[in-house]
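The values are calculated or read from the model by the stated rules, or taken from the named source; none is laboratory data. Computed from a prediction, not measured in an experiment: that's the story for all the values here. Note that each Cβ is placed from the backbone with ideal geometry, even for glycine, and that neighbours are counted across all protein chains shown. Just the protein is used for accessible areas: all its heavy atoms, side chains included, with ligands, DNA and RNA removed. Shrake-Rupley method; radii C 1.70, N 1.55, O 1.52, S 1.80 Å.
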Amino acid sequence: MRFVISREALIRPLQLVAGVVERRQTMPVLSNILLVAEDGMLSLTGTDLEVELVARIPLQELSESGSITVPARKLMDICKSLSDDAFVEISVTDEKARIKAGRSRFSLATLPAADFPNVEDSPEAMTISLPQSALRQLIEKTGFSMAQQDVRYYLNGMLMEVRDASLRAVSTDGHRLATCLTPVDAEAGLDHQIIVPRKGILELARLLQGGDAPVTLVIGSSHIRAVVGDFTFTSKLVDGKFPDYNRVIPRNGDKVLLGDRQELRQVFTRIAILSNEKYRGVRLNLSNGLLKVTANNPEQEEAEETLAIDYEGQDLEIGFNVNYLLDVLSILNSDVVRLILSDANSSALVQGYDENDAVYVVMPMRM
């Protein structure tokens with residue numbers, strides 16, 4: 001096996017593929033990436049048995065076809081250290097990968113390509129297509145509320161629901177919920193739900209560059225595959241039942257607060273400085289035209305700020321984890337935010353004033 005490729009062409013695909021590879025592995029070959037050179041193309045494959053990413057790159061020069069696995073991090077670090085205009089020659093002799101670039105020479109240990117595992121395929125259920133920018137926005141607007149290492153394993157990921165030519169993403173960690181909707185190119189009458197694991201969502205987001213270039217999602221019974229240009233991404237699905245998100249979204253709120261998003265964000269950020277470091281609680285006191293935000297901590301320190309808002313209704317006092325509110329305010333695009341409440345013990349519904357595609361639910365906390 002011997003080929004030549006420019007560093008510029010190799011570096012981004014290599015970084016994305018190496019990003020899938022976990023630092024700690026149960027099998028030595030999973031620390032490697034698979035290189036296959038044939039028919040004028042180089043393919044790079046990385047996997048952790050849950051997620052797989054394949055990149056394909058045209059080659060400047062292919063002298064000898066072949067396949068081998070090499071350490072992912074070391075190959076990436078070598079390529080990152082080279083000059084931007086370098087050309088990289090990779091060859092395999094005596095079970096070693098030889099890398100030449102200018103005056104630099106490297107020799108890497110290898111493992112046979114035959115030892116490299118494939119993520120199993122599953123029967124295809126449906127195929128949908130949408131712009132990369134739409135899928136990226138869907139993930140950005142909901143990904144922050146995915147659970148991390150929750151015993152309810154089905155929360156450690158994102159629900160993707162295809163229904164009536166639209167794709168909805170939903171995530172929750174049990175304390176807050178985020179959902180966003182976008183139209184897709186799909187057959188009418190489709191109705192399907194899958195749960196994509198957290199790592200799969202994060203790696204897919206890294207792959208998407210935005211713009212109108214399409215991404216094709218192939219959904220199977222146990223896998224999802226995304227084809228993005230010269231990349232093919234595959235992830236296993238979470239085998240579980242996601243909670244009914246419609247039951248969580250409050251419908252009977254009668255107290256509507258409208259406020260400037262940036263001003264609210266700045267106030268919450270300042271008040272949070274003196275909130276309890278563990279519980280991060282802030283208290284909201286609503287009255288006609290005014291919102292008072294307060295916080296205190298075990299050191300008996302206090303913070304208080306009042307700001308003008310658009311609110312007419314009964315006075316209300318309610319507590320929230322300030323981080324959850326800040327996460328939502330950071331992801332919204334609208335200048336004005338709408339907060340819909342009913343009482344001190346019920347969840348709040350948060351939306352951008354002119355954003356109907358995304359809805360956020362935040363549970364209150366006892367103060």
Exercise for the section: Being buried (at least 17 other Cβ atoms within 10 Å of the Cβ), under 19 Å from THR216 (Cα atoms), in contact with a helix residue (DSSP H, G or I) (Cβ under 6 Å, 6 or more places away or on another chain) and small (Gly, Ala, Ser) narrows it down to one of ALA169, ALA134, ALA147, so name that one. Expected result: ALA169
Exercise for the section: Check whether at least one residue in the stretch 28-36 is modelled with pLDDT under 95 and in a strand (DSSP E or B), and report yes or no. Expected result: no
Fill in the blank from the handout: Condition set more than 23 Å from ARG280 (Cβ to Cβ) and not hydroxyl-bearing (Ser, Thr, Tyr), scope the stretch 163-179, selection farthest from the chain's Cα centre (by Cα): answer is ASP164
Handout entry: Among the residues listed as GLN193, GLN149, the single one being free of Cβ contacts under 8 Å to residues at least 24 places away in the same chain and over 12 Å from the mean Cα position of the chain (by Cα)
Key = GLN149
Fill in the blank from the handout: Within the stretch 275-293, residues being in a strand (DSSP E or B) and open to solvent by less than 20 Å² (accessible area, probe 1.4 Å) number 6
Handout entry: Options GLU301, GLU312, GLU317; residue that is on the phi < 0 side of the Ramachandran plot, open to solvent by less than 90 Å² (accessible area, probe 1.4 Å) and of a type in the set (Asp, Glu)
Key = GLU301
Practice task
Determine the pairs where a residue that is farther than 18 Å from ARG73 by Cβ, located within the stretch 89-112, has a partner that is part of a loop (DSSP other than H, G, I, E, B) and among the hydroxyl-bearing types (Ser, Thr, Tyr) with Cβ atoms under 8 Å apart, the partner being 6 or more residues away or on another chain.
Solution key: VAL92/THR110; GLU95/THR110; GLY102/SER83
Practice task
Find all pairs meeting these conditions: Cβ atoms under 7 angstrom apart; at least six residues apart or on different chains; first residue within the stretch 324-339 and in contact (Cβ under 8 Å) with a residue 40 or more places away in the chain; second residue assigned to a loop (DSSP other than H, G, I, E, B).
Solution key: TYR324/HIS175; LEU332/GLU355; SER334/TYR353; SER334/ASP354; SER334/GLU355; VAL336/TYR353; VAL337/TYR353; ARG338/TYR353
Problem - Selection status of GLU203, assigned to a helix (DSSP H, G or I), closer than 28 Å to GLU317 by Cβ, in contact (Cβ under 8 Å) with a residue 24 or more places away in the chain and among the acidic types (Asp, Glu) - result: no
Exercise for the section: Check the stretch 104-112 and report whether any residue there is at pLDDT 95 or above, under 30 Å from VAL238 (Cα atoms) and surrounded by 14 or more Cβ atoms within 10 Å (Cβ to Cβ). Expected result: no
Exercise for the section: Would you please list the contacts, defined by Cβ atoms under 9 Å and residues six or more apart or on different chains, that run from a residue in the stretch 341-367 that is within 16 Å of GLY259 (Cα to Cα) and open to solvent by 30 Å² or more (accessible area, probe 1.4 Å) to a residue that is assigned to a loop (DSSP other than H, G, I, E, B) and among the charged types (D, E, K, R)? Expected result: TYR353/ASP335; ASP354/ASP335
Practice task
Look through the stretch 178-233, keep the residues that are under 28 Å from ASP244 (Cα atoms) and of a type in the set (Lys, Arg), and return whichever of them is least open to solvent (accessible area, probe 1.4 Å).
Solution key: LYS199
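Just the residues that are in contact with a strand residue (DSSP E or B) (Cβ under 6 Å, 6 or more places away or on another chain) and under 20 Å from LEU332 (Cβ atoms), please, taken from the stretch 264-285.
VAL267, ILE271, ARG280, VAL282, LEU284
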